[in-house]
Structure formats: C-alpha cells, structure tokens
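Below is one structure; the comments refer to it alone.
The values are calculated or read from the model by the stated rules, or taken from the named source; none is laboratory data. From a predicted model like this one, the values you see are computed outputs, not experimental measurements. With ideal geometry, Cβ positions are generated from the backbone for all residues, glycine too; neighbour counts draw on all protein chains shown.
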C-alpha cells in the first residue's frame, strides 16, 4: 500500500489558468510570444560548444555528419513529444510537471532535482568557458587567476541581472543574443558553402573502426549538442497561448539549431583541410580566415562565442529557477523558491547564481579543475534524467488511454514519436559514460534525503489541515 501511494499519479489539471499565468502583470512582466519562445529554445541549445564541434568530430571523418543527422531526428522527435506534453499540461515546470502527473511526487522531485543541479553546475561551466573567449578579446583577462575568476563571475551575474529585472528583459536579451550569435554562425554555415572545396573534406572514415563504430563514437561527442529542447516547455507558464506556441517554438527552435549545426559543420569541413582541422583549437576562426583571408577570424568568432554564452546563461538561469518554483508550488521544494517578482522566480535565480558563483570561485581559488570537471561530467547524466522521465510519462499517458489526455486519431503517431524520443533519451544516458552515470546516481541519492524531509513536512501540513 505504501508503494502504491508513493507512485500513484498526482492529480494535476491539464488546464489550470492559475498555474499557467504569471503571478503578476506590469511593465516589467511580459508573456513570451512565439519569436521569443523560439529564441529561448535556440539560445539554450546553442551555447559555446558549437565553436569547437567541427574539430572534435573531424578525427572520425565526414561520417560524423551521419551521426549528426541521426541525432537531429532524435532531437526533433523529443521536441515533438515535449510539444504534445505541453499541450496537455501547459504549466511552468516542463519535465517536472509531466513526471509528477504520470508517476507521482517522487518521480517529479527527481526530475526537478536533476534539472536544478544541471542548471547551476552548467552555468558555472559556461562562464568558465566564456573566459577563454574573453581572453582573446582582452588578453589581460587571462593573465591571472583572479582576473579570470572576476570575468567568469561578471558573465554569470549580468544575465542574472536581466532575470531580476523581469521577463520583459529576459525575453529582450534572449532575442538580441540569439540574433547576434546566429548571424556569424549563419555566415559560415551558408556563406561558407560558396567557398566550399571538396578536397578539404578528407576521408569518409578517418580511422580503422567500422562504420557503426565511427557513428557511435562521434555520436557520443555530439549527443549533448541538443540539450535545451525542453526550454519552451519549462517556461510554458510565461508563454502566450502555451498549448499552441510551446510546441511550435520547441520544434522551430530545435530545427533552426540543427540547421546551423549541420550546415556549419559541413562548411567548416569544406573550408579547412582535414589534417589541419583535426588539430584546430578554433575551427570557425580558421573557416572565417579561409573565406576572407587575414587573421581577424579569431576575434570575430570570440565575440560571437561570448554573446552565445551570455545568451545561453540568460536562458538557463531562468529555467534553473522555474523548475524549483514549480516543485515548491507542490510542496516538494522549500517555500522560498515560490518568491516571484516581475514574472521571474527571483529566489530561484538568486540561489542558482550564488551556487554557480561559489563553484566558479572554488574552481579558481583552489585550482580544483579535477573536481570541477567531475561535477560537469555528472551533469551530462543528470540533464538526461528529466528527458527520460518526460518521455516515459508520454508513454504512460498513451498506454493508459485516458480520454482527456489522448486524442485517439493521433494515437499511432504519438506512440511512434514517444518511442523514438524515449530511445533517444536512453541513448543520451548511455552516451554519458559509466563514470558519469555512477557519479550522477550518487548525486540523485543525495536528493532523496531532501525529498524525505520535504515529503514529511508536506504530510504534517496535510494532517494539520485535516484536523482543523
């Protein structure tokens, strides 16, 4: 009986206007339209890693483009599933809401805990990565550990300031950053095709592994390029007409990011000779220099990379606060996470940026790159837990056949998409590696202690209400 109570699906109305709407309106609060919601998805998927991706997969040969194509199909299936789930539950919280609705509080908490941990650790990693690009623009930044630390902290707190200012400014920053970062990427992705030289491509398989082995090996590197497809679903409560716009924004943002990924990688392959690309530390800079000559490509790409990271931090800071907010609303996270101002969960934003800043300072002050890298590796697993639970929730809704959640005419299509998205999520987990899965599971177990405390408090409050 105890197990049944713990795993029984929570009653979460699929159309709750109080949950779907922002807490307050005003000139600093603005619901996201389709363009901003799409920019949120695109900006969160495309961070700073794209600027190294072509060099990372070049040692496997052009067969890595096949892996990219397979992953893109999986990511689009996942995006479509999130759109269907958001149609049923158009509420802030995304994967947390879906997991809790299907499997109860415990599964919902695990999803929220994993997503929150991923958020603040990844924010620290993004800020540290941005320092390398800033040092290209301002060499003094890279001369001392304390200057690098201050630069990393500034990169974190500037997007946090936009979040504190309200959803109106979050949306504006996200839209501007997405346009600024995609302009140079599209320059290489599309413009580079006019300078394309097939002789630079190198072999289809550059090593002695089999075709399946080469695809799998390159896919392991590329797997996490699409993390962030859930961004619009997590922010569903701040999106205008979420039943209509969340699904559209998720698919449009994912497809746009995929187009830039695929065309950008292909163009770099055709602009930079293969033997040089495999050892390149700045493949997009080399591509720009090959297109126009000169040595200004490094500066241009560094500017684009900084803008890209700041845009990603702006979006991820908001998402890292919204999931704990949704869990706190249901009594599964501490009540302070409910604090909300100008449409933004301000306490969640503050905790996220403080924890990310503390990890950043620890990284530079103690010289603990090893510990930092371990934490980042853990997030490669924790980021996939909410995906797996969300896709499993969609399978549950379809198999259970609940009439208010399943459109009979779309059952076959939704079942195929859910199966593909679930397989893609499992592939993401497998691609994390044994060490990441092992350490990530231990990190999840730490969260169980938090759940035990919050569940006990929730039960005491419910008992007090019954007695009164």
Checklist entry - Any idea which of 43, 49 is modelled with pLDDT under 85, surrounded by 23 or more Cβ atoms within 10 Å (Cβ to Cβ) and within 30 Å of residue 280 (Cβ to Cβ)? => result 43
Checklist outcome for this item: With criteria (1) out of contact with any helix residue (DSSP H, G or I) (no Cβ under 9 Å at 6 or more places or on another chain); (2) part of a helix (DSSP H, G or I), residue 269 comes up short on (1)
Item to check | The listed residue being more than 14 Å from residue 109 (Cα to Cα), at pLDDT 85 or above and surrounded by fewer than 13 Cβ atoms within 10 Å (Cβ to Cβ), out of 442, 449 | outcome: 442
Checklist entry - Any residue in region 256-264 that is touching a strand residue (DSSP E or B) at 6+ places or on another chain (Cβ under 9 Å) and touching a residue at least 24 places away in the same chain (Cβ under 8 Å)? => result no
Checklist outcome for this item: Flagged in region 160-194 as surrounded by 15 or more Cβ atoms within 10 Å (Cβ to Cβ), at pLDDT 80 or above and farther than 25 Å from residue 320 by Cβ, in numbering order, are 186, 187, 188, 189, 191, 192
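Condition check ((1) crowded, with 17+ Cβ neighbours inside 10 Å; (2) within 20 Å of the chain's Cα centre (by Cα); (3) under 29 Å from residue 87 (Cβ atoms)) across all residues:
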residue	(1), (2), (3)
326	yes, yes, yes
330	yes, no, yes
335	no, no, no
354	no, yes, no
358	no, no, no
375	yes, yes, no
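So, in region 231-248, of the ones that are in contact (Cβ under 8 Å) with a residue 12 or more places away in the chain and either in contact with a strand residue (DSSP E or B) (Cβ under 7 Å, 6 or more places away or on another chain) or outside any helix (DSSP H, G or I) (or both), which residue ends up nearest to residue 44 (Cα to Cα)?
The selected residue is 232.
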